[in-house]
Amino acid sequence: MTPDRLAALHARCFTRPRPWTVAEFADLLASPHAFLLTRPDGFLLGRLVVDEAEVLTLAVAPQSRRQGIARDLMDDFAATSRDRGATRAFLEVAADNAPAQALYHGTGWRESGRRRRYYGPDLDAIVMALAL
Ligand SMILES: CC(C)(COP(=O)(O)OP(=O)(O)OC[C@H]1O[C@@H](n2cnc3c(N)ncnc32)[C@H](O)[C@@H]1OP(=O)(O)O)[C@@H](O)C(=O)NCCC(=O)NCCS
């Protein structure tokens, strides 16, 4: 998927936190630490530094939700990170994003912290972790 397509899909999936721009996706993809997992209607952008992996963002097109695409991408993320030497993974999710939190709890992630007002004055980030 090109940065244009990633940004277009992201814009359909996020309002707050705001969607990422084409330039932001291009910059991230240029990093040797980033890795992109794609499905026809979804993607996950991850990053791996030494033994720690991170889910940077995850998006599935609205018309294709509840078909297991995100769960498949999360499983792929864990397997890919493990294969490349990661021993633990983390992510941040908005405190008001119940669908994503349900997805993460269901794929073995556990809450490990909270960043107050991370996404704005009234929106915290929940930090979640997974041992690989
Ligand atoms: C969150 C998101 C990625 C889920 O994608 P998806 O492909 O629909 O998820 P899946 O079909 O793989 O769902 C797996 C499980 O997650 C949970 N889940 C997913 N969507 C849910 C919803 N709307 N409400 C409650 N639980 C939900 C369920 O436990 C589900 O299993 P089930 O369908 O067997 O009940 C998608 O809704 C999305 O792109 N949202 C906007 C962007 C976003 O929030 N990204 C994550 C930011 S951290």
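Values computed for the structure shown
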{"quantity": "Selection status of residue 99, within 15 Å of the chain's Cα centre (by Cα), surrounded by fewer than 14 Cβ atoms within 10 Å (Cβ to Cβ) and without any contact (Cβ under 8 Å) to a residue 40 or more places away in the chain", "calculated": "yes"}
{"quantity": "Qualifying residue in region 108-116 (condition: crowded, with 20+ Cβ neighbours inside 10 Å, in a strand (DSSP E or B), modelled with pLDDT of 95 or more and away from the ligand (no atom under 13 Å from the Cβ))", "calculated": "no"}
{"quantity": "Selection from region 32-48 of residues that are more than 20 Å from residue 82 (Cβ to Cβ) and not in a strand (DSSP E or B)", "calculated": "40, 41"}
{"quantity": "Residue in region 8-18 that is loosely packed, with under 14 Cβ neighbours inside 10 Å and closer than 23 Å to residue 109 by Cβ present", "calculated": "yes"}
{"quantity": "In region 75-98, the residues that are among the β-branched types (Val, Ile, Thr) and within 10 Å of the ligand (Cβ to nearest atom)", "calculated": "93"}
{"quantity": "Selection within region 82-96 - within 27 Å of residue 16 (Cβ to Cβ) and either surrounded by fewer than 15 Cβ atoms within 10 Å (Cβ to Cβ) or of a type in the set (Ser, Thr, Tyr) (or both)", "calculated": "96"}
{"quantity": "Sole residue being touching a residue at least 40 places away in the same chain (Cβ under 8 Å) and farther than 18 Å from residue 128 by Cβ, chosen from 8, 23, 61", "calculated": "61"}
{"quantity": "Positions within region 1-24 being farther than 21 Å from residue 100 by Cα and either at pLDDT 95 or above or more than 16 Å from the ligand (Cβ to nearest atom) (or both), in sequence order", "calculated": "2, 3, 4, 5, 21, 22, 23, 24"}
{"quantity": "Complete set of residues in region 48-74 that are within 16 Å of the ligand (Cβ to nearest atom) and either β-branched (Val, Ile, Thr) or crowded, with 21+ Cβ neighbours inside 10 Å (or both)", "calculated": "53, 55, 57, 58, 59, 60, 69, 70, 73, 74"}
{"quantity": "Answer from 18, 71 - the residue that is out of contact with any Asp or Glu (no Cβ under 8 Å at 6 or more places or on another chain), among the basic types (Lys, Arg) and within 19 Å of residue 129 (Cα to Cα)", "calculated": "71"}
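The values are calculated or read from the model by the stated rules, or taken from the named source; none is laboratory data. Please read these numbers as outputs of a predicted model, since none were measured by experiment. Virtual Cβ from ideal backbone geometry, glycine too; neighbours counted across all protein chains shown.
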